[in-house]
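Report on the following structure.
The values are calculated or read from the model by the stated rules, or taken from the named source; none is laboratory data. In this text, all values refer to a predicted model and were calculated from it rather than measured experimentally. Backbone-built Cβ (ideal geometry, glycine too); neighbour counts: all protein chains shown.
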Amino acid sequence: MSSRNHPDRRRRLTISLGFVVMLFLLVSVPAQAQVSIVPQDPGKPDKSEKPDFGSHESEMRARLILKEEKKRYDEHLERAREVSHLATQLSESYQSRQAFVGEDNKKLERLEKLTKRIRNEAGGSETDADVKDVPSNLTDALKRMAELAEELRKLVEKTPRHVISAAVIDQANRLVGVIQYVRNPARHGS
C-alpha cells in the first residue's frame, strides 16, 4: 500500500501546488492590470511628492511683479530726495546772488515736474495748486519752498508703497503752489 499511496500523494501535492500558483497568478494579474490600465494624470501631483501650490512660471511672474513694484517705489523715493535737494539748492543760490540765473530756471521747472509726478503717483491728480500760506517776498518763498520739499521727502519715505497718502498729495499741492509763485515774476514783483 505504501508504494501506491506515494504517487497519489505526489499527484495531490502537485495539484495543490499548481492550484496555489494559479490562485496567486489570478490574484496578482488583476492588481497588476489595474496599475498599468490607470495612467497617472500628468496634471495631478504624485501623492508621494510635496504638493505643488503654484507653478514655477507663476511664481517667477509674481517675483517679477514685486521686483518691478519695488523698483518704482525706489524711483519714487529718489524723486522725493531730488525735490528736497533741488529746493535747497535754489534757496541757497538765490540767497547768495539775489537773482536767478538760467540754470536756476531749469531747476525750478524740474522741481515742479518732479513734485507733480510725486503727487500723481501718490494717488493725486492735476488740480489747482494750493497757494495759501505763500510768503509775500521771494526770499521767504524760496525758504518756504525748501521747507515744504523737505517735509514732502520725509512723508514719502514714511509712506508704504501700497498706500495712497492724502498727506503726500496735500504736501505736494502746497509745494507746487509755492513753486508756481516763485516761477511767476509778476506775482512777487521781480
query = How many of the residues in the stretch 103-124 are farther than 14 Å from Ala80 by Cα and within 22 Å of the chain's Cα centre (by Cα)?
reply = 2
ask   = Hey, any hits in the stretch 146-156 for a residue that's modelled with pLDDT of 75 or more, surrounded by fewer than 20 Cβ atoms within 10 Å (Cβ to Cβ) and farther than 20 Å from Arg79 by Cα?
value = no
inquiry  = Condition (residue is surrounded by fewer than 13 Cβ atoms within 10 Å (Cβ to Cβ), under 36 Å from the mean Cα position of the chain (by Cα) and either assigned to a helix (DSSP H, G or I) or without any contact (Cβ under 8 Å) to a residue 12 or more places away in the chain (or both)) applied to the stretch 128-142: is it met by at least one residue?
reply    = yes
The one condition in (1) on the phi > 0 side of the Ramachandran plot; (2) at pLDDT 85 or above; (3) of a type outside the set (Val, Ile, Thr) that His85 fails to fulfil = (1)
request  = Select from the stretch 73-87 the residues that are farther than 24 Å from Glu103 by Cβ and in contact (Cβ under 8 Å) with a residue 60 or more places away in the chain and write down the one among them that is nearest to the chain's Cα centre (by Cα).
outcome  = Tyr73
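Looking only at the stretch 156-172, how many residues end up being assigned to a helix (DSSP H, G or I) and in contact with a Ser or Thr (Cβ under 7 Å, 6 or more places away or on another chain)? So that I can check it myself, show each step before the final result.
Initially, the stretch 156-172 is screened for residues assigned to a helix (DSSP H, G or I), giving 156-158, 166-172.
Those still in the list that are in contact with a Ser or Thr (Cβ under 7 Å, 6 or more places away or on another chain) too: 168, 172.
So the answer is 2.
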ask   = With (1) out of contact with any His (no Cβ under 9 Å at 6 or more places or on another chain); (2) closer than 26 Å to Leu66 by Cβ; (3) among the small types (Gly, Ala, Ser) as the list, and Ala122 as the residue in question, which single condition is left unmet?
value = (1)
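Conditions (1) of a type outside the set (Lys, Arg); (2) touching a helix residue (DSSP H, G or I) at 6+ places or on another chain (Cβ under 6 Å), marked per residue:
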position	(1), (2)
Thr88	yes, yes
Thr139	yes, no
Lys143	no, yes
Ser165	yes, no
Asp170	yes, no
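Quick one: which residue in Leu64, Leu90 is modelled with pLDDT of 85 or more and under 30 Å from Glu151 (Cα atoms)?
Working: Leu64 fails: under 30 Å from Glu151 (Cα atoms).
Criteria check complete, one pass: Leu90.
Rundown of residues vs (1) at pLDDT 60 or above; (2) surrounded by fewer than 10 Cβ atoms within 10 Å (Cβ to Cβ); (3) in a helix (DSSP H, G or I), yes/no style:
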| site | (1), (2), (3) |
| --- | --- |
| His6 | yes, no, yes |
| Arg11 | yes, no, yes |
| Ala33 | no, no, yes |
| Ser36 | no, yes, yes |
| Glu75 | yes, no, yes |
query = Do we find that Arg110 is within 27 Å of Lys70 (Cα to Cα) and either part of a loop (DSSP other than H, G, I, E, B) or among the hydroxyl-bearing types (Ser, Thr, Tyr) (or both) in this structure?
reply = no
Where a residue in the stretch 162-190 is under 30 Å from Lys67 (Cα atoms) and crowded, with 16+ Cβ neighbours inside 10 Å and its partner, wherever it lies, is among the charged types (D, E, K, R) and modelled with pLDDT of 85 or more, with Cβ under 8 Å and at least six apart = Val168/Arg119; Ile169/Arg119; Gln171/Glu151; Ala172/Lys116; Ala172/Arg119; Asn173/Arg119
